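Below: one structure, written as structure tokens.
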Amino acid sequence: GAGVSQSPSNKVTEKGKDVELRCDPISGHTALYWYRQSLGQGLEFLIYFQGNSAPDKSGLPSDRFSAERTGGSVSTLTIQRTQQEDSAVYLCASASTWRPTGELFFGEGSRLTVL
Amino acid sequence: AQKVTQAQTEISVVEKEDVTLDCVYETRDTTYYLFWYKQPPSGELVFLIRRNSFDEQNEISGRYSWNFQKSTSSFNFTITASQVVDSAVYFCALSERGETSGSRLTFGEGTQLTVNP
């Protein structure tokens, strides 16, 4: 489809395992964001990519979290040695401009459950 | 630091009632943008409106209206004649200005609106 695509939609893992979450932004969108939404909470910014610039990683909660964006398109968020507090919905969004006026287009999220 | 507060965690109304969702924000920027997003049960956030800090004119779109008051740092959202399909979580958000931060948004914690038939 033409929207932001995320996979998997649901992931259940055991504590201590690594997980990878994937985001396919809208074609042509240069900006890509990862947010985390814990149960009953608002959206917490994690990381932002804009073109070939260095990503803004200021929202990553610990060094167990990392993300990359290959070829300016697809992005992967990796969580190493998962903990129960990592359980949340991870939302990806893309935008067509870096200016602070741009509308963000969100995917449906990847729900992560750490047992 | 920028902050968005949505004091109403949950609101429940009966269909056809009007409902207002409150949003209060804090920022040191003189130029900023405010947004409202809707998150239906499917989980995908849907953009509703963007307002810049220099435009305090209220906006109406069908049953939706927005009241931006800079003096009170509020950007409230009213749904007139609510419908069951309006049931969702609504988020207010504030942009962070800057060359490197782009369209990074600071979100409030959301208001769960339930419209009962």
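The values are calculated or read from the model by the stated rules, or taken from the named source; none is laboratory data. Predicted model, so just to flag it, every value in this text is computed and none were measured. Ideal geometry is used to build each Cβ from the backbone, glycine not excepted, and the neighbour counts take in all protein chains shown. For accessibility, only protein heavy atoms count, side chains too; no ligands or nucleic acids. Shrake-Rupley method; radii C 1.70, N 1.55, O 1.52, S 1.80 Å.
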>> All but one of (1) surrounded by 15 or more Cβ atoms within 10 Å (Cβ to Cβ); (2) hydrophobic (A, V, I, L, M, F, W, C); (3) not in a strand (DSSP E or B) hold for B:Val85; state the number of the condition that does not hold.
In response: (1)
> With respect to the numbered conditions (1) buried (at least 16 other Cβ atoms within 10 Å of the Cβ); (2) more than 29 Å from A:Gly3 (Cβ to Cβ); (3) modelled with pLDDT under 90, which one is the sole condition not fulfilled by B:Phe54?
Replying inline: (1)
> Taking the range B:1-48 as the region of interest, how many residues are over 15 Å from B:Ser73 (Cβ atoms) and either open to solvent by 10 Å² or more (accessible area, probe 1.4 Å) or away from every other protein chain (no Cβ under 13 Å) (or both)?
Replying inline: 24
> For the range B:14-35, what are the residues that are at pLDDT 95 or above and under 11 Å from the mean Cα position of the chain (by Cα)?
Replying inline: B:Thr20, B:Leu21, B:Asp22, B:Cys23, B:Val24, B:Tyr25
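Could you count how many residues in the range B:57-74 are surrounded by fewer than 14 Cβ atoms within 10 Å (Cβ to Cβ) and without any contact (Cβ under 8 Å) to a residue 40 or more places away in the chain?
First, pick out the residues of the range B:57-74 that are surrounded by fewer than 14 Cβ atoms within 10 Å (Cβ to Cβ): B:57-63, B:69-72.
When the remaining residues are screened for being without any contact (Cβ under 8 Å) to a residue 40 or more places away in the chain, the result is B:57-63, B:69-71.
So the answer is 10.
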> Are any residues in the range A:1-21 in contact with a Pro (Cβ under 8 Å, 6 or more places away or on another chain) and part of a strand (DSSP E or B), and if so, which ones?
Replying inline: A:Leu21
>> Given (1) facing chain A (nearest Cβ under 10 Å); (2) touching a Lys or Arg at 6+ places or on another chain (Cβ under 9 Å); (3) open to solvent by 10 Å² or more (accessible area, probe 1.4 Å), identify the lone condition not met by B:Thr80.
In response: (1)
> Quick check: is even one residue across the range B:52-63 of a type in the set (S, T, N, Q), outside any loop (DSSP other than H, G, I, E, B) and under 25 Å from A:Lys57 (Cα atoms)?
Replying inline: no
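Residue check: is B:Tyr90 aromatic (Phe, Trp, Tyr) and in contact with a Ser or Thr (Cβ under 7 Å, 6 or more places away or on another chain)? Show your work before the answer.
Details: aromatic (Phe, Trp, Tyr): yes; in contact with a Ser or Thr (Cβ under 7 Å, 6 or more places away or on another chain): yes.
Yes; evaluated as a whole, the condition is true for this residue.
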> If you scan the range A:50-92, which residues turn out to be surrounded by 18 or more Cβ atoms within 10 Å (Cβ to Cβ) and in contact with a Cys (Cβ under 8 Å, 6 or more places away or on another chain)?
Replying inline: A:Ser75, A:Leu77, A:Cys92
